[in-house]
Structures are given as structure tokens and as C-alpha cells.
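The structure appears below as C-alpha cells.
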Amino acid sequence: MSKILIVDDEPTLVETIKYNLQKEGHEIAVAFDGVQALEMFGQEHPDLIVLDVMLPKLDGFEVCRVLRKDANVPILMLTAKDEEIDKIVGLELGADDYMTKPFSMRELLARVKAMLRRVRMVQEETAKAVQGDVAQVLFVGEFEVDLAQHLIRRQGIALGLKPKEFDLLAFLIANRGQVFTREALLERVWGYSYSGDTRTVDVHVRGLREKIEEDPASPQHLETVRGVGYRFRG
């Protein structure tokens, strides 16, 4: 059973999400504004946060920014309108995914399930690394992937990666040279077994290029294969 924090100022929606997540066996905490969300996070230590953008006192973007200073908890952001800039800002601040209102409860449950499953997979991989069952550190060219510490270093210097950026880059490095479609990356990195919004992948790739490429406009490591997807070259 996982603990999920729902942050939204619409009581009816909160109750609907809460009811459906509880039916799935999750423990639920609730906050109705941004300040309360940060307080509840400190008290409850949830495994995942469903976070609305438009909140009283402190909006969802600011809540996400504050949490990402020292927390790796998965964040699913809810946007009230289909605005590209809202989605991009949320992802760049460290949200793992977003959904646009109105949405189907079935899709929300599927995304929550996928996000929690991916967290468990990462935890299991890290535990194996710590126990020595698999290589703790993978070296590819000037990059070093440290599973135990959840870090990637370039030329010995740790990259300041958000949780999903780490997952994506670590996966591509481990499968260097292989081309993956955006849909395949959604399934393998985000854990989605259905067709999601591939812009999520593009935004994370752009953020990674800003951190690992000498010239993000002409990437040497994280390459676009036109008409297909992305691959990593060491």
C-alpha cells in the first residue's frame, strides 16, 4: 500500500480522486492549498503527489519547485487547461507527468499505478546494486552512472538531475547506441503500457541536453534519430 497526497482546491474532485485511490488500496492525505501541501508533505512523507497547478496561497509550480530542492517523490501535475506552456513549466520544474482537466479517472489511476510501479523498480535496482548483485557503477565514456547513489557524473562531476531525468538518462546510457521511439521510452522509463503524451519525453530530453551537451542545439551524446526517436552515444 502506498501513501498518496492529493493537492487540489476543488473539494468534489478531491473526494472523487480520494475515493477511487482508496478503492485501489492506497492511503490518502489531502491538502487544499500550496502552503498546506508543503506542511502535509513534511508530516505524511507520501510516496506520490497528485498536484494541481492552480492553488490558493502557493501555486502548484512553486510547490513543485520547493519539493524538488531535496525530495524525489513522484509528482503528477493537474492542469486546468490544455496550455502547452503550463505543461512545459511543470516538467521543467521537476514534475514527472501531467494530466489536463477534465480527465478520466481510469487514466489517472493508470498513471498513478505506472508511476508507483516505476518507483518500486528503481528501488529494487538500487537495492541490488547496494547488495552487490549488479554493477553499482556503469562507466560509458566520460559518464558514470551510480545506481546506489542515484547519481550520474560527467568527468567526475555530478549532474544536477531531477528524478525522471536520471531515470531517462540512465536507461539510455545503459542501452547506448540503441534507438528508442518516444512511445517506447514512455513504456520503459515512465512505465506506461498505453499511448501517453510523447511531449513529456521531448521536454525531458531538452532538459538533459542543457546539462550534458557542450552545445544543446547540436547534441553529440543525446541524439535525435529523425522520424524514429532518441539514442545515446558515449
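Out of all the residues in region 74-94, which are at pLDDT below 90 and either in a loop (DSSP other than H, G, I, E, B) or farther than 20 Å from VAL201 by Cα (or both)?
The answer is ALA80, LYS81, ASP82, GLU83, GLY94.
Restrict the check to region 36-57 and report whether at least one residue is assigned to a helix (DSSP H, G or I), assigned by TED's automatic domain parsing to the domain that holds LEU109, touching a strand residue (DSSP E or B) at 6+ places or on another chain (Cβ under 7 Å) and within 16 Å of ALA110 (Cα to Cα).
Scanning region 36-57 turns up no residue that is assigned to a helix (DSSP H, G or I), assigned by TED's automatic domain parsing to the domain that holds LEU109, touching a strand residue (DSSP E or B) at 6+ places or on another chain (Cβ under 7 Å) and within 16 Å of ALA110 (Cα to Cα).
For region 143-159, name all the residues that are without any contact (Cβ under 8 Å) to a residue 40 or more places away in the chain and either in a loop (DSSP other than H, G, I, E, B) or not β-branched (Val, Ile, Thr) (or both).
GLU144, ASP146, LEU147, ALA148, GLN149, LEU151, ARG153, GLN155, GLY156, ALA158
From LEU172, LEU185, grab the single residue that is at pLDDT 80 or above and either closer than 19 Å to ALA95 by Cα or assigned to a loop (DSSP other than H, G, I, E, B) (or both).
Matching residue, one of LEU172, LEU185: LEU185.
Does any residue in region 214-234 that is over 14 Å from ASP202 (Cβ atoms) come within less than 7 Å, Cβ to Cβ, of a residue that is part of a strand (DSSP E or B) and among the aliphatic types (A, V, I, L, M) six or more places away or on a different chain, and which pairs are these?
Qualifying pairs under 7 Å: ARG231/VAL225; PHE232/LEU222; GLY234/VAL140.
For GLY34, only one of the following conditions fails: (1) in contact (Cβ under 8 Å) with a residue 24 or more places away in the chain; (2) more than 30 Å from ARG206 (Cα to Cα); (3) surrounded by 15 or more Cβ atoms within 10 Å (Cβ to Cβ). What is its number?
So GLY34 meets the others, but not (2).
The values are calculated or read from the model by the stated rules, or taken from the named source; none is laboratory data. Note that this is a predicted model, so its numbers are computed, not measured. Because the Cβ atoms are built from the backbone with ideal geometry, glycine has one as well, and the counts that use them run over all protein chains shown.
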